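One structure is given below, encoded as structure tokens.
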Amino acid sequence: MCDTVGQTDDSGRFCTIDWSALARLLVPCRRVLLTTHVRPDCDAIGSSVALAAVLEQLGKQVVLVGGFDVPPNYRFLDPEHRFQRIGRDVPDRIVDQVDLLMILDTSAWAQLGDMAEPFRRSGAKKAVLDHHLSADDLGAEVFRDARAEATGRLVVAAADHLNVPLDTRIATALFAALATDTGWFRFCSTTAETYRLAARLTELGARPDELYRQLYENESLARLHLVGRAIGRTRTDLQGRLIYTSILRQDFEETGALASDSEDVINLTLAVAGTEVAVILIEQASGQFKISFRSRNDLDCSRVAEQFGGGGHRNAAGATVPGPREVAEAQVLDAVRAAMR
């Protein structure tokens, strides 16, 4: 096992995280609060639930708190309903009742939602466990490897260093994190090591068939109608290399779909032959638009997203911009076109 930056472990894998520093940070901490980004995906929920179980095996008291409600399609990853919403289920002052605040799967203030201000003002120790390129200064000790295909991979590495065995419950949450953040092993972030980790988690009890059914064969009719509206609004540009669409508040209201039902819609647009970059604008209740970028060429999505105060990975990133839609769409598409030329 490699502990420091610039070393490799016995299998030749390069390490960029000093796990011994995490171990030292945890030693004096009795109570730990874990949080993650708003609009959480499987990696965010799965990694958080798994790390909570790891830390509890070390004798820590762990609470899971976020500025969101867990989306219905991901609640099976948190069957005990441990995630609590800040300001509703627990008061803001909970951040003053723990020894360590730890953020998983994001390094952006904007993605913390209602957790941002309590996190900012808390005097507790702070840490970040993340695999995204873009990062704000959160005033925390950072454990980041942007080459990791999922934050779930980093939880496995942390558990291994801390000598905590992974049980079936942890393996299931981490397989979901790994599989979804790699597009069920089809994104370019997937490597031979990804499959080796997937095999290990399967041997520990994760059931890929059951997870796939939970995630992709358990759709609501409302989501199906929402997807239909997004697909019907899809347009292309730059000789078909750029594809884009949008989802409006009206679409959610009229179909009865949930905000989480917009997950992965952008990936459907990249199925069109000849497309290289995809963009989707999703109107929020605030009137702002959540923008997602995807690429399967050399376009660095994180660089484009950073122009709008966002960030992410090279091939997948996001940002939030003010409306109205026509203005937001024009600004975003102009930036993408410029980056593609």
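The values are calculated or read from the model by the stated rules, or taken from the named source; none is laboratory data. Everything quoted here is computed from the prediction, not taken from an experiment. Because the Cβ atoms are built from the backbone with ideal geometry, glycine has one as well, and the counts that use them run over all protein chains shown.
At a glance:
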read-out: Positions within segment 302-341 being in contact with a Phe, Trp or Tyr (Cβ under 9 Å, 6 or more places away or on another chain) and more than 25 Å from Arg249 (Cα to Cα), in sequence order; value: Ser302, Asn315
read-out: Qualifying residues in segment 212-253 (those that are in contact (Cβ under 8 Å) with a residue 24 or more places away in the chain and in contact with a Ser or Thr (Cβ under 6 Å, 6 or more places away or on another chain)) - the one farthest from Arg296 (Cα to Cα); value: Ala222
read-out: Segment 276-289 - residue that is surrounded by fewer than 20 Cβ atoms within 10 Å (Cβ to Cβ) and touching a residue at least 24 places away in the same chain (Cβ under 8 Å) and, of those, nearest to Ala319 (Cα to Cα); value: Gln288
read-out: Pair list, Cβ < 6 Å and 6+ apart or interchain, from segment 7-29 residues that are under 14 Å from Asn163 (Cα atoms) to residues that are at pLDDT below 75 and not in a helix (DSSP H, G or I); value: Trp19/Asp3; Ser20/Asp3
read-out: Only one of Ala135, Ala146, Ala44 that is at pLDDT 95 or above and outside any strand (DSSP E or B); value: Ala44
read-out: Strands (runs of 3 or more DSSP E) enclosed by segment 217-328 - at least 3 residues per element that are not hydrophobic (A, V, I, L, M, F, W, C); value: 235-237, 242-247, 289-295
read-out: Some residue of segment 93-103 being in a loop (DSSP other than H, G, I, E, B) and free of Cβ contacts under 8 Å to residues at least 60 places away in the same chain; value: no
read-out: Some residue of segment 266-277 being modelled with pLDDT under 95, at positive phi and either among the aliphatic types (A, V, I, L, M) or in contact with a strand residue (DSSP E or B) (Cβ under 6 Å, 6 or more places away or on another chain) (or both); value: no
read-out: Which listed residue, of Thr172, Thr190, Thr168, Thr151, is in the same structural domain as Glu80 (by TED's automatic domain parsing), more than 14 Å from Val49 (Cβ to Cβ) and either surrounded by 14 or more Cβ atoms within 10 Å (Cβ to Cβ) or in contact (Cβ under 8 Å) with a residue 24 or more places away in the chain (or both); value: Thr190
read-out: Sole residue being of a type in the set (Phe, Trp, Tyr) and closer than 22 Å to Glu56 by Cα, chosen from Phe185, Phe175; value: Phe175
read-out: Test: residue in segment 58-74 that is within 22 Å of Asp130 (Cβ to Cβ), in the same structural domain as Gly183 (by TED's automatic domain parsing) and loosely packed, with under 15 Cβ neighbours inside 10 Å; value: no
read-out: Filter result for Gln84 (out of contact with any helix residue (DSSP H, G or I) (no Cβ under 6 Å at 6 or more places or on another chain) and in a helix (DSSP H, G or I)); value: no
read-out: Leading residue by the ranking (surrounded by the fewest Cβ atoms within 10 Å (Cβ to Cβ)) among those in segment 97-121 that are of a type in the set (Gly, Ala, Ser) and in contact with an Asp or Glu (Cβ under 6 Å, 6 or more places away or on another chain); value: Ala108
read-out: Single residue of Leu112, Leu129, Leu77, Leu133 found to be assigned by TED's automatic domain parsing to the domain that holds Ala159 and either within 18 Å of Ala158 (Cβ to Cβ) or of a type in the set (S, T, N, Q) (or both); value: Leu129
